[in-house]
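Q: Just dropping this structure here.
Throughout, read-outs are computed from the coordinates displayed, never taken from laboratory work. The structure presented is a predicted model; accordingly, all values stated were derived computationally and were not measured. Here the Cβ is made from the backbone with ideal geometry for all residues, glycine too, and neighbour counts use every protein chain on show.
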Amino acid sequence: MIRYLTAGESHGEALIGVVEGLPAGVPLTADDLNEHLGRRWLGYGRGGRSKIERDQVHVYSGVRFSKTLGSPVGLRLDNGAYEKDRAGWPEKMALEGERGDVERVTLPRPGHADLAGARKYGFDRPPRGPDLRPVIDRSSARETAMRVACCSTARQLLRALGIEVGSHVVRIGRVGFEDAEAWQERAGELLSEEGGARALYEKADESATRMIDPELTERCVEHIDETKEQRDSLGGAYEVVVTGVPAGLGSYAQWDRRLDGKLAQAILSIQAQKGVEVGDGVAGAGRYGSEVHDEIIHQNGADGGTPEDAQTLRRRTNRAGGVEGGVSNGMPLVVRGFMKPIPTLIEPLDSVDLDSGEARTTRYERSDVTSVPAASTVAEATVALVVANALLERFGGDRFEQIQRRFEEARSSS
Ligand SMILES: Cc1cc2nc3c(=O)[nH]c(=O)nc-3n(C[C@H](O)[C@H](O)[C@H](O)COP(=O)(O)O)c2cc1C
């Protein structure tokens with residue numbers, strides 16, 4: 001199984017990642033990871049820090065001559081803001097020495113981890129006064145940069161087997177595809193192109209809001225501009241699709257082996273993601289069963305057939321999102337994530353200063369209006385890792401060639 005850990009504070013020197021369990025022989029270069037790190041900066045109206053950071057991951061170990069070695073892959077991503085934004089981060093985030101007169105953050109921001117995290121780790125009442133900085137710095141979504149790098153290693157394994165992961169944004173705030181069928185048809189056309197889900201994400205990347213509909217993109221851009229004027233923020237929704245997934249990943253045999261459960265966890269593990277559905281999960285709850293379940297048909301759509309023909313069946317629709325009984329059924333995996341509006345608002349919100357106990361409002365902070373396009377690229381990465389692990393569970397081995405051989409044998413016999 002592939003595991004990964006990230007370390008690093010948002011305004012510290014660097015983020016560190018270790019990925020363990022990748023088989024030997026997977027094609028991997030820093031450029032492969034940087035492609036997806038660059039995509040994480042996509043999105044209309046992203047400002048502030050995104051202008052300072054230009055993420056470039058350094059690969060330190062676990063790779064030789066552009067192939068993995070089976071040993072842990074070590075990654076490092078320097079935080080551009082550490083030295084460049086002249087806010088004195090090297091002093092404020094000093095690893096050693098005394099705090100001295102380094103400023104403290106004492107006003108917890110609603111919607112952030114500030115208060116819950118400070119209460120948990122005791123940063124709300126140390127002898128020298130509260131300071132929320134440690135919570136702010138580790139709970140920040142800056143961590144997702146290293147997550148994308150780590151999970152994109154798994155994506156390389158998938159790509160080498162012809163499995164692609166892509167995403168597109170379907171809603172920002174009040175503006176979204178009203179009719180799910182309309183977007184599914186459009187996404188379906190892209191998915192049927194040669195690159196599968198890669199064609200989907202490449203198309204989405206052309207849009208300022210990562211949407212596959214130009215008219216919707218325009219309306220969202222307007223909505224973002226208006227919201228900025230109102231000094232507010234927006235959430236939204238996106239869809240992650242995986243093509244080329246063989247049937248038989250995951251299992252119904254035990255609760256923690258269900259593929260849908262793991263996909264849901266992958267999405268909800270990302271900061272600010274508050275909802276997830278597999279296939280048409282939410283809409284399906286309000287429909288008749290006859291409108292929800294995917295009928296089973298012959299590959300060629302014929303009415304009759306032989307027992308041999310019955311070995312290669314398909315579904316008329318994919319409302320289940322490619323998973324039934326916790327097991328992939330050979331259709332593309334479809335998972336949707338729902339993100340709350342980002343909590344840093346230009347408009348102040350009520351809070352209480354932990355130092356003085358006084359009721360105060362949060363101070364003005366420069367902020368993006370929405371991070372849904374960026375979140376959709378992070379979700380792609382976390383989903384890729386889940387699929388890679390499900391694949392290793394089924395076809396696993398220490399060498400890529402072994403996995404490839406078993407994978408292709410299974411594909412040709414199904
Ligand atoms: C890609 C991405 C970018 C984000 N950017 C911001 C941001 O610019 N400002 C902000 O206040 N929150 C941002 N967030 C959300 C916060 O990190 C998150 O809401 C906060 O850490 C609290 O966690 P929770 O919402 O899961 O409870 C972002 C989240 C993601 C996934």
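Q: Take the chain, drop everything but the C-alpha atoms, weight them equally and run the Debye formula without solvent; then report log10 I(q)/I(0) at 0.06, 0.12, 0.13 Å⁻¹ to two decimals.
A: -0.27, -1.02, -1.17
Q: Can you work out the FRET efficiency for the pair GLU358 and GLU96, with r the C-beta to C-beta distance and R0 = 35 Å, to the nearest 0.05? Mind showing how you got there, number by number?
A: Numbers: r = 33 Å, r/R0 = 0.95.
With R0 = 35 Å, the Cβ-Cβ based efficiency is 0.60.
Q: Continuing with the same structure: Within 10 Å of each candidate Cβ there may be at most 14 other Cβ atoms; applying that plus a DSSP loop requirement, which GluC sites (Glu not before Pro) in segment 356-414 survive?
A: GLU358, GLU365
Q: Loop only by DSSP, 14 or fewer other Cβ within 10 Å of the Cβ. Give me the trypsin sites (Lys or Arg not before Pro) in segment 1-96 that pass, ordered by residue number.
A: Filter output for segment 1-96: ARG54, ARG86.
Q: How high is the relative contact order of the chain, in percent, counting Cα pairs under 8 Å that sit 6 or more residues apart?
A: Values: 814 pairs, mean separation 87.7, N = 414.
Result for the chain is 21 percent.
Q: Now a separate question. Does anyone have the angle between helix 30-39 and the longest principal axis of the chain? Alpha-carbon axes, 0 to 90°, nearest 10?
A: 70
Q: In the chain, with Lys and Arg counted as +1 and Asp and Glu as -1 at Cβ, which of these residues, GLY357, LEU157, GLY286, has the Cα nearest the positive end of the dipole, that is, farthest along it?
A: GLY357
Q: Spelling out what I want: for every residue of segment 7-24, take phi, set θ = phi - 60°, compute 6.51 cos²θ - 1.76 cosθ + 1.60 (Karplus), and round to whole Hz; glycine and proline get x.
A: 9, x, 9, 4, 10, x, 5, 7, 9, 10, x, 10, 10, 10, x, 5, x, 6
Q: Name the long-range amide H neighbours of VAL170: under 5 Å, sequence gap of 5 or more, or other chain; modelled H, no Pro or chain starts.
A: Hits under the 5 Å cutoff: ALA237, TYR238, GLU239.
Q: Next up: Rounded to two decimals, what ratio of Rg to Rh does segment 240-322 give with C-alpha atoms and a Kirkwood Rh?
A: My calculation puts Rg/Rh at 1.03.
Q: Calculated FRET efficiency, ALA247 and GLU193, Cβ-Cβ r, R0 25 Å, to nearest 0.05?
A: 0.70
Q: Rounded to the nearest 20 debye, what is the charge dipole size of segment 77-122 about its Cα centre when +1 sits on each Lys and Arg Cβ and -1 on each Asp and Glu Cβ?
A: Working: 8 positive and 9 negative charges, 68 e Å.
That gives a dipole near 320 debye.
Q: Taking +1 at the Cβ of each Lys and Arg and -1 at the Cβ of each Asp and Glu, which of THR377, GLY305, GLY261 sits farthest along the dipole of the chain towards its positive end, judged by Cα position relative to the Cα centre?
A: Of the options given, the answer is GLY261.
Q: Restrict the search to segment 297-393; then list the trypsin sites (Lys or Arg not before Pro) that DSSP places in a loop and that have at most 10 other Cβ atoms within 10 Å of their Cβ.
A: Counting only loop positions with at most 10 other Cβ atoms within 10 Å, the trypsin sites (Lys or Arg not before Pro) in segment 297-393 are ARG363, ARG366.
Q: Also: Given H placed 1.01 Å from N in the peptide plane, which residues other than close sequence neighbours of VAL327 have an amide H under 5 Å from its amide H?
A: LEU259
Q: Here's another thing I want to ask about it. Measure nothing fancy, just the Cα-based angle from helix 214-229's long axis to the longest principal axis of the chain, in degrees from 0 to 90, nearest 10.
A: 20
Q: Helix 143-160 sits at what angle to the longest principal axis of the chain, using alpha carbons and giving 0 to 90 degrees rounded to 10?
A: Result, in degrees: 20.
Q: Please list, ordered by chain and number, the residues whose modelled amide H lies under 5 Å from the amide H of SER61; skip anything fewer than 5 residues away on the same chain.
A: Those qualifying (amide H under 5 Å, at least 5 residues apart or on another chain) are GLY74.
Q: Here is a follow-up. Loop sites only, by DSSP: take the chymotrypsin sites (Phe, Trp or Tyr not before Pro) in the chain that have at most 16 other C-beta atoms within 10 Å and name the longest stretch containing none of them.
A: For chymotrypsin sites (Phe, Trp or Tyr not before Pro) (loop position, at most 16 other Cβ atoms within 10 Å), the longest site-free span of the chain is 66-251.
Q: So for segment 81-182, considering every pair of alpha-carbon atoms, how many percent are separated by more than 17 Å?
A: 71
Q: From the backbone phi of segment 315-322, what are the Karplus-calculated ³J(HN,Hα) couplings (6.51 cos²θ - 1.76 cosθ + 1.60, θ = phi - 60°) in whole Hz, Gly and Pro given as x?
A: 9, 5, 9, 10, 6, 6, x, x
Q: Which ³J(HN,Hα) values, rounded to whole Hz and listed in residue order, are derived for segment 108-124 from phi using the Karplus coefficients 6.51, -1.76 and 1.60 in 6.51 cos²θ - 1.76 cosθ + 1.60 with θ = phi - 60°, glycine and proline given as x?
A: 3J(HN,Hα) across segment 108-124, in whole Hz: x, 8, x, x, 9, 7, 3, 6, 4, x, 5, 5, 5, 9, x, 7, 8.
Q: Find the Rg to Rh ratio for segment 166-271, where Rh is the Kirkwood radius over alpha-carbon pairs and Rg uses the same atoms. Kindly include the intermediate steps, with their values, before the conclusion.
A: Numbers: Rg = 16.2 Å, Rh = 15.5 Å.
Radius of gyration over Kirkwood radius for segment 166-271 works out to 1.05.
Q: Let me ask something else about it. Quick check on the chain: helices-only [θ] at 222 nm, where DSSP H runs of length 4 and up contribute -39,500 (n - 2.57) each and the sum goes over total residues. Nearest 500, please.
A: Taken over the chain, the calculation gives -10500 deg cm²/dmol.
Q: Over the Cα atoms, compute the radius of gyration (one decimal) and Dmax (the largest Cα-Cα distance, rounded to a whole number) for segment 243-391, in Å.
A: 21.4, 79
Q: Taking 7 Å along the Cα-to-C-beta vector as the label spot, tell me the ARG287-ARG64 distance in nanometres, rounded to one decimal.
A: 5.3
Q: Pop the C-beta distance of ARG104 and GLU13 into the FRET formula with R0 = 25 Å and round what comes out to the nearest 0.05.
A: On the way: r = 21 Å, r/R0 = 0.84.
The formula returns an efficiency of 0.75 here.
Q: For the chain, give the magnitude of the charge dipole about the Cα centre (Cβ charges: +1 Lys/Arg, -1 Asp/Glu; no others), in debye to the nearest 20.
A: I would put it at about 1040 debye.
Q: Using the Cα centre as the reference, give the magnitude of the dipole from point charges on the C-beta atoms of segment 279-414 (Lys, Arg: +1; Asp, Glu: -1; all else neutral), rounded to the nearest 20 debye.
A: Once rounded to the nearest 20, the dipole reads 240 debye.
Q: If you don't mind, another one. Which three extents, in whole angstrom, do the alpha-carbon atoms of segment 86-144 cover along their principal axes, largest first?
A: 30, 29, 17 Å, listed from the longest principal axis down.
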